[in-house]
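Asker: Mind looking over this structure? Questions follow.
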Amino acid sequence: MHKFFVLLLLLPLSIFADIKIAVTYPYIGAIVKEISKDKVSTYVLAKGNWDPHFVVPRPSLIAKVRRVDGIIINGGELEIGWLPPLIKRASNSKIAKGSIGYLDLSRYIDFLDKPTKLDRADGDIHPDGNPHYHLDPKNILILAKAIKNYLIALDLDNKKEYETNYTSFVNLWNGKIKEWDKKMEDKKGIKIVQYHNNLAYFNNAYSLKTIGTIEPLPGIPPSSRHTMELINKIKAQKPSAILHDVYHSTKTAKFIASKTGIPVIIMPHDIESLDEIEDLVSLFDYLTSAIK
Amino acid sequence: MKKILLTTACAVMAFGMDTIPVEKREFSASKFVPDISLVLDASYVDRNVKDHEVSNLELEGIAHGLYGSHSHGEHAHSSYNASNGFNLNYAELVLSSSVDPFFEMNGVFHYSEEGVEIEEAYVTSTALDYGLRARLGKFNSNFGYLNEQHHHSWDFNDMPLVYEGFLGMHGINEKGIQFQYTAPTDFYLMAGVEILQGDNEQMFGNSEIHSEVDVNGTDFDFETEGEDGSTLTVAYVKTAFDIGETAILTGLSYASGTSHIDHTDDEEAHMFIADSKLYGFDLVAKYNFDSYSFFKLQTEVLYRDMDGTVTKFNDDQTALVTPSVKKEQAGAYIQAIYAPSKTWAMGLRYDTFFKNTINDVDGADDLAKYSVMTEYKTSEFARFRLQYNRNEALSEDEEGRVDMNTIIFSANISIGAHGAHAF
């Protein structure tokens, strides 16, 4: 009876969370959840198992963006192909660039692979560099801090709560980083092949070396000539595996694997990209266990 | 790497500020250059009707002189894919940028071999809040679904027949002002109203007509005063929601204005002055199998009601007569697109006019057109498309119904920075 009463008291709090925030990708939603617990209701715009570059700008998403108190984006032009039309349609000043409700996480990260020249002959490149930065676990700490500060600015009343949750998250995460470092210790320096270089930051964190990608250039589908070249390169350089994302077809990867004998390993890039990836910890647990 | 992390971490401590490392803070005027893109559309056309015969074809009771290169008064322009053989449909220059924190501006300049047209040039508010948005300048009306989109984002090389027949090759493309409101509802709900000048030569015009036609040595005056000010009003309401993984967008549209249609240069010289109303229903359903492959169903139904008078010669060509004319016409298209991957797509389209009543007399209402296309993209910026049309809606004065078969191979290529397209 007593328990029921407490539950009844808590119920309205969790249903009518104080503020509503839209985030572009599931991993951002997960960090917000860690720091806000039930103080913020988050709405994730993109699906975790789809290509983060190609999100369908469904008009139903406009309705979500129209009513939120804030938006948190990955930035680095990852959302450029789908988010701007949604934001423009919504006409919500709370999420306008420059307002306290707008947070572009990429502003807190130094990018890898910043191109020295911009030419579409080099494929679909991001002018700011590689935007898939959240796959370095150390970057998650930077993002968590930025999100904590953002939430405090937006909702000063719950400052204490956010600080406490942030501190416990940092403690948990630092412990996890040590665990993952240990797991990846013997992988240092191994060579790998990818479909698209979306593991750049993960590879950088654990000193894995990408020797080639299945797509000849960013955003350009595989060609038979490039595939043959890659097979020869694999035979010469003997990488350990093909690390493959969940959203491109593995057809070419499997063909290359059959010609070279190296395994194809699916690497989730975000929460919900595979059924078993339910949160941030399970994402990195999976990634750091995937390479055998 | 450690050093990078450290600098970032330090910078992040300065809470509330964007952290741009010192070496990145630079002032460069080139940063203020707007997004610039150039979109080229070229095609090769093979048609069973000769070029000079195409311009004589009409949609009976609905429109004539639609296809091929044609002139209307002082304007001379050609429709897309006008000639057998090679066509340069356009090279479209698109500029867009923020003006200040309150507005953004877009310009679309349609370069063709005949000259340059300002297809669009408008300013849109970005800071009105409460779901409100205002736009002014020259722009494509948000009437229906397809009207607002540019040629390069259409799924076929030509407009649906009902659009061509009722509104001409450019749809409702007008000078004026637009207000839109997105409601704070769980599902998408948007309402808009547009006050427009009314320059459409096919349906919503208001310009002066003054033309002398010489018959056997006698001059006859076709004359009507232009209307000062704007005469076209458009309103619509649209809603969107998801059913499972299927995104649905649907809406109702309404346009009301005057018609001043000048066909005094035609063989059978006439002009048509009327009060006109256009009603539209649109529905788009898109199901995505994954990030790249999808199935899309799209349909629009347009109904128009034109009430006015036609000025023309009497049967023995001795005087002008002005009988009243009431047109009640409706047409629709339905199309399905299947894209198995990021690079390939294919589609079918069926066009029809199913009502064609003039002065309570039913005219030809079996006008139909069938289209099929397949397209290949080497990237987001280059698309090659093969399309076949069978048009069973056209007729010629003496010959009657003419079935037109057209094969169009088109290339649509863009360079530069081009803003993302909406749904």
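The values are calculated or read from the model by the stated rules, or taken from the named source; none is laboratory data. Note that the structure is predicted; figures quoted are calculated from it, not measured. Neighbour counts are summed over all protein chains in view; Cβ atoms, including those assigned to glycine, are modelled from backbone coordinates with ideal geometry. Please note that ligands, DNA and RNA were not included when accessible areas were found on the heavy atoms of the full protein model with its side chains. Shrake-Rupley method; radii C 1.70, N 1.55, O 1.52, S 1.80 Å.
Asker: At least 1 residues that are within 14 Å of chain A (Cβ to nearest Cβ) and within 17 Å of B:Ser37 (Cα to Cα) in each: list the strands (runs of 3 or more DSSP E) lying fully within the range B:101-146 that qualify.
Answerer: Here the list reads B:103-112, B:115-125.
Asker: For A:Asp113, indicate whether it is touching a residue at least 60 places away in the same chain (Cβ under 8 Å) and more than 10 Å from every other protein chain (Cβ to nearest Cβ).
Answerer: yes
Asker: Looking at A:Tyr166, A:Tyr150, A:Tyr133, which one is touching a Ser or Thr at 6+ places or on another chain (Cβ under 8 Å), on the phi < 0 side of the Ramachandran plot and crowded, with 19+ Cβ neighbours inside 10 Å?
Answerer: None of the others qualify; the one that does is A:Tyr133.
Asker: In the range B:126-144, which residues are surrounded by fewer than 20 Cβ atoms within 10 Å (Cβ to Cβ) and of a type in the set (Phe, Trp, Tyr)?
Answerer: The answer is B:Tyr130, and nothing else.
Asker: From the list B:Lys312, B:Lys286, which one is within 14 Å of chain A (Cβ to nearest Cβ), among the basic types (Lys, Arg) and in contact (Cβ under 8 Å) with a residue 40 or more places away in the chain?
Answerer: Of the residues listed, the single one that is within 14 Å of chain A (Cβ to nearest Cβ), among the basic types (Lys, Arg) and in contact (Cβ under 8 Å) with a residue 40 or more places away in the chain is B:Lys286.
Asker: I'd like to verify a number: residues in the range A:53-75 that are out of contact with any Gly (no Cβ under 7 Å at 6 or more places or on another chain) and more than 9 Å from chain B (Cβ to nearest Cβ), how many?
Answerer: The total comes to 6.
Asker: I've got another one for you. Show the residue pairs that are 6+ apart or on different chains and have beta-carbon atoms under 6 Å apart, the first residue being within the range A:143-154 and at the interface with chain B (Cβ under 8 Å from one of its Cβ atoms) and within 17 Å of A:Asp69 (Cβ to Cβ), the second being open to solvent by 10 Å² or more (accessible area, probe 1.4 Å) and β-branched (Val, Ile, Thr).
Answerer: A:Ala153/A:Ile100
Asker: Next question, about the same structure. Of the residues A:Thr167, A:Thr227, which single one is at pLDDT 95 or above, under 26 Å from A:Arg107 (Cβ atoms) and of a type in the set (Val, Ile, Thr)?
Answerer: A:Thr167
Asker: Right, another one. Which residues, counting only those in the range A:101-121, are closer than 22 Å to A:Asn139 by Cα, part of a loop (DSSP other than H, G, I, E, B) and out of contact with any Phe, Trp or Tyr (no Cβ under 6 Å at 6 or more places or on another chain)?
Answerer: A:Gly101, A:Asp110, A:Phe111, A:Asp113, A:Lys114, A:Pro115
Asker: Hey, another quick one. All but one of (1) out of contact with any Gly (no Cβ under 7 Å at 6 or more places or on another chain); (2) not in a strand (DSSP E or B) hold for B:Glu201; which doesn't?
Answerer: In the conditions (1) out of contact with any Gly (no Cβ under 7 Å at 6 or more places or on another chain); (2) not in a strand (DSSP E or B), B:Glu201 misses (1) alone.
Asker: So how many residues does the range A:119-132 have that are more than 10 Å from every other protein chain (Cβ to nearest Cβ) and either under 14 Å from A:Gly219 (Cβ atoms) or among the hydrophobic types (A, V, I, L, M, F, W, C) (or both)?
Answerer: 8
Asker: Which members of the range B:338-386 meet the condition of being in a loop (DSSP other than H, G, I, E, B) and either on the phi < 0 side of the Ramachandran plot or open to solvent by less than 60 Å² (accessible area, probe 1.4 Å) (or both)?
Answerer: Here is the first cut: in the range B:338-386, the ones in a loop (DSSP other than H, G, I, E, B) are B:340-343, B:359-360, B:363-366, B:380-381.
Scanning the range B:338-386 gives B:Pro340, B:Ser341, B:Lys342, B:Thr343, B:Gly363, B:Ala364, B:Asp365, B:Asp366, B:Glu380, B:Phe381.
Asker: Could you tell me which residue of the range A:90-110 is most open to solvent (accessible area, probe 1.4 Å), considering only residues that are within 7 Å of chain B (Cβ to nearest Cβ) and in contact with a Ser or Thr (Cβ under 7 Å, 6 or more places away or on another chain)?
Answerer: Top of the filtered list is A:Arg107.
Asker: Kindly indicate the residue of the range A:34-48 that is surrounded by fewer than 20 Cβ atoms within 10 Å (Cβ to Cβ) and not in a loop (DSSP other than H, G, I, E, B) and also nearest to the chain's Cα centre (by Cα) among those meeting that condition.
Answerer: A:Tyr43
Asker: Every residue in the range A:169-204 that is open to solvent by 30 Å² or more (accessible area, probe 1.4 Å) and of a type in the set (Lys, Arg), please.
Answerer: If the condition is that a residue be open to solvent by 30 Å² or more (accessible area, probe 1.4 Å) and of a type in the set (Lys, Arg), then A:Lys176, A:Lys178, A:Lys182, A:Lys183, A:Lys188, A:Lys191 are the ones that fit.
Asker: Another one. Give the residue, chosen from B:Ala368, B:Ala345, B:Ala364, that is within 30 Å of A:Ala121 (Cα to Cα) and either touching a residue at least 24 places away in the same chain (Cβ under 8 Å) or in contact with a helix residue (DSSP H, G or I) (Cβ under 8 Å, 6 or more places away or on another chain) (or both).
Answerer: B:Ala345
Asker: Quickly run through the range B:353-375 and pick out the residues that are under 20 Å from B:Met306 (Cβ atoms) and touching a Gly at 6+ places or on another chain (Cβ under 6 Å). Give the steps one after another, and end with the answer.
Answerer: In the first step, residues of the range B:353-375 are kept if they are under 20 Å from B:Met306 (Cβ atoms); the result is B:353-365, B:367.
B:Phe353, B:Asn356, B:Ile358, B:Gly363, listed by residue number.
Asker: Could I ask something else about it? Taking A:Ile190 as the residue in question, decide whether it is away from chain B (no Cβ under 14 Å) and in contact with a Leu (Cβ under 7 Å, 6 or more places away or on another chain).
Answerer: yes
Asker: Restricting to the range A:49-89, name every residue that is open to solvent by 40 Å² or more (accessible area, probe 1.4 Å), closer than 25 Å to A:Pro268 by Cβ and out of contact with any Phe, Trp or Tyr (no Cβ under 9 Å at 6 or more places or on another chain).
Answerer: Selection gives A:Glu77, A:Ile80.
Asker: Something else: Among (1) open to solvent by less than 30 Å² (accessible area, probe 1.4 Å); (2) closer than 20 Å to A:Pro85 by Cα; (3) outside any loop (DSSP other than H, G, I, E, B), there is one condition B:Asn89 misses while meeting the rest; what is its number?
Answerer: (2)
Asker: Now, a different point. Quick check on the range B:323-337: of everything there that is surrounded by 16 or more Cβ atoms within 10 Å (Cβ to Cβ) and polar (S, T, N, Q), which residue is farthest from B:Thr246 (Cα to Cα)?
Answerer: Taking the candidates together, the pick is B:Gln329.
Asker: What's the number of the condition A:Val264 fails, among (1) touching a Gly at 6+ places or on another chain (Cβ under 7 Å); (2) hydrophobic (A, V, I, L, M, F, W, C); (3) open to solvent by 20 Å² or more (accessible area, probe 1.4 Å); (4) at pLDDT 95 or above?
Answerer: (1)
Asker: Output yes when any residue across the range B:206-216 is modelled with pLDDT under 85, open to solvent by 60 Å² or more (accessible area, probe 1.4 Å), farther than 30 Å from A:Pro57 by Cβ and outside any strand (DSSP E or B), and no when none is.
Answerer: Yes, the range B:206-216 has at least one match.
Asker: Next question. Quick check: is even one residue across the range B:162-172 within 14 Å of chain A (Cβ to nearest Cβ) and either at pLDDT below 95 or in a loop (DSSP other than H, G, I, E, B) (or both)? I'd like the intermediate steps shown before the answer.
Answerer: The initial filter retains those residues of the range B:162-172 that are within 14 Å of chain A (Cβ to nearest Cβ), namely none.
Checked the range B:162-172: no residue is within 14 Å of chain A (Cβ to nearest Cβ) and either at pLDDT below 95 or in a loop (DSSP other than H, G, I, E, B) (or both).
Asker: Scan the range B:374-423 residue by residue and report those that are more than 17 Å from B:Asn157 (Cβ to Cβ), away from chain A (no Cβ under 11 Å) and polar (S, T, N, Q).
Answerer: B:Ser395
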